[in-house]
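The block underneath contains the structure these notes are about, expressed in structure tokens.
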Ligand code: ARG
């Protein structure tokens, strides 16, 4: 196994995991069994779980419970516009994996399957037919350290701070990239170097793994009309896989439960490649377009933004990689709101995240308010997970 860096001692900072709250366990199980009559009556199951919690401080989910709990966590994710398909989440039960090597090979399998390739539980699809997938690793035991991945996503591009103050690559990853270099990793120093995975287990410390090409589906960017666009040498990865959020289901904590959906184009075209503190490409695109950038009122930023987003959508479509645009995804979210209302369930939503970062008022999700609620099961980003992803293991 290729290990380009490691440190044997475990990290100091671990957000302590609380013991299972029996009330939360009961609330989840009742909901889970009510929404899934085929699971049978909940009372006998509750008796078993209560006894398990009393004896051990925790309990073990059945695969059905884990599967539905993960889907509910997606359904409750108030920042996600893509929740219409929450029932279709593919849940891979990886609770038996222990070593960093085992975890790594299952993460590679996750990425291959999510990208439409590899072998899985469904009939094989074509490469690029992105599937929403979550891999759930072992539950944390209260008060004990647990396996985790430091990366914020399974696939991210390195960012290298330059002597002059500039940056090559993704400025968001500068801290994490430096931490990987501190552990012995060396990147090519280019704009789209895929970062290694930093997998930490209590027994082994942290180990770095280089992702194989088959796990990293990427799309080179070109524009439907402007030939020069391809010369910019831009690309983006096809699978956004959040790696450091903790899944909590019925009081049980799963600190390693990476999940992915497919991209909405604005995430790449209006944020990752456009934000001034990310790839900051609007001035570059505006220059090639020959726009008048001397005054804001020429709306050169807006015009460059549209062309950048057209390039992203065009390129993914041409490559056969699933991606949605913000109009389509907004309409789907409205359909989701309707479905859930019919089912008698509230939909927690965060307006500031749901409304797309360009042309907000052109989409129906702009023109209304949403309920904000912290419903469980849910995904949370712990403080120490956030600091690890910034490359600061001690910040806490
Ligand atoms: N916005 C993040 C990114 O650009 C990904 C967040 C999750 N997105 C998704 N479509 N599931 O990488």
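Computed values, structure above
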| item | result |
| --- | --- |
| Residue identified as within 16 Å of the ligand (Cβ to nearest atom) and surrounded by 22 or more Cβ atoms within 10 Å (Cβ to Cβ) among 254, 263 | 263 |
| Criterion (at pLDDT 95 or above and within 16 Å of the ligand (Cβ to nearest atom)) met by exactly one of 278, 310 | 278 |
| Some residue of the stretch 233-244 being more than 16 Å from the ligand (Cβ to nearest atom), surrounded by fewer than 21 Cβ atoms within 10 Å (Cβ to Cβ) and farther than 24 Å from residue 391 by Cα | yes |
| Subset of the stretch 156-167 that is surrounded by 17 or more Cβ atoms within 10 Å (Cβ to Cβ) and assigned to a strand (DSSP E or B) - its residue that is farthest from the ligand (Cβ to nearest atom) | 160 |
| Residue 298 vs. criteria away from the ligand (no atom under 14 Å from the Cβ), within 20 Å of the chain's Cα centre (by Cα) and over 22 Å from residue 111 (Cβ atoms) | no |
| Pair list, Cβ under 8 Å, 6 or more apart: the stretch 150-166 residue free of Cβ contacts under 8 Å to residues at least 24 places away in the same chain and over 17 Å from residue 215 (Cα atoms), other residue assigned to a loop (DSSP other than H, G, I, E, B) and within 16 Å of the ligand (Cβ to nearest atom) | 159/170 |
| Search result, residues across the stretch 279-309 that are buried (at least 18 other Cβ atoms within 10 Å of the Cβ), out of contact with any strand residue (DSSP E or B) (no Cβ under 9 Å at 6 or more places or on another chain) and part of a loop (DSSP other than H, G, I, E, B) | 281, 291 |
| Residue 173, sole failed condition from (1) within 16 Å of the ligand (Cβ to nearest atom); (2) assigned to a loop (DSSP other than H, G, I, E, B) | (2) |
| Residue within the stretch 221-235 that is under 19 Å from the mean Cα position of the chain (by Cα) and more than 20 Å from residue 95 (Cβ to Cβ) present | yes |
| Members of the stretch 56-71 found to be buried (at least 22 other Cβ atoms within 10 Å of the Cβ) and more than 16 Å from the ligand (Cβ to nearest atom), listed by number | 59, 61, 65, 66, 68, 69 |
| Residue within the stretch 40-50 that is without any contact (Cβ under 8 Å) to a residue 12 or more places away in the chain, over 20 Å from residue 335 (Cβ atoms), touching a helix residue (DSSP H, G or I) at 6+ places or on another chain (Cβ under 8 Å) and away from the ligand (no atom under 16 Å from the Cβ) present | yes |
| Any chance residue 82 is at negative phi, within 16 Å of the ligand (Cβ to nearest atom) and touching a strand residue (DSSP E or B) at 6+ places or on another chain (Cβ under 8 Å) | yes |
| One residue from 138, 109, 147, 97 being surrounded by fewer than 23 Cβ atoms within 10 Å (Cβ to Cβ), within 23 Å of residue 181 (Cα to Cα) and more than 16 Å from the ligand (Cβ to nearest atom) | 147 |
| Identity of the residue in the stretch 219-232, away from the ligand (no atom under 16 Å from the Cβ) and touching a residue at least 24 places away in the same chain (Cβ under 8 Å), that ends up surrounded by the fewest Cβ atoms within 10 Å (Cβ to Cβ) | 228 |
| Residue within the stretch 180-190 that is within 16 Å of the ligand (Cβ to nearest atom) and either buried (at least 18 other Cβ atoms within 10 Å of the Cβ) or free of Cβ contacts under 8 Å to residues at least 24 places away in the same chain (or both) present | no |
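Here is a yes/no grid of residues against (1) under 22 Å from residue 131 (Cα atoms); (2) part of a loop (DSSP other than H, G, I, E, B); (3) modelled with pLDDT of 95 or more:
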residue: 10; (1), (2), (3): no, yes, no
residue: 20; (1), (2), (3): no, yes, yes
residue: 52; (1), (2), (3): no, no, yes
residue: 55; (1), (2), (3): no, no, no
residue: 69; (1), (2), (3): yes, no, yes
residue: 79; (1), (2), (3): yes, yes, yes
residue: 96; (1), (2), (3): no, yes, yes
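The values are calculated or read from the model by the stated rules, or taken from the named source; none is laboratory data. Predicted model, so just to flag it, every value in this text is computed and none were measured. With ideal geometry, Cβ positions are generated from the backbone for all residues, glycine too; neighbour counts draw on all protein chains shown.
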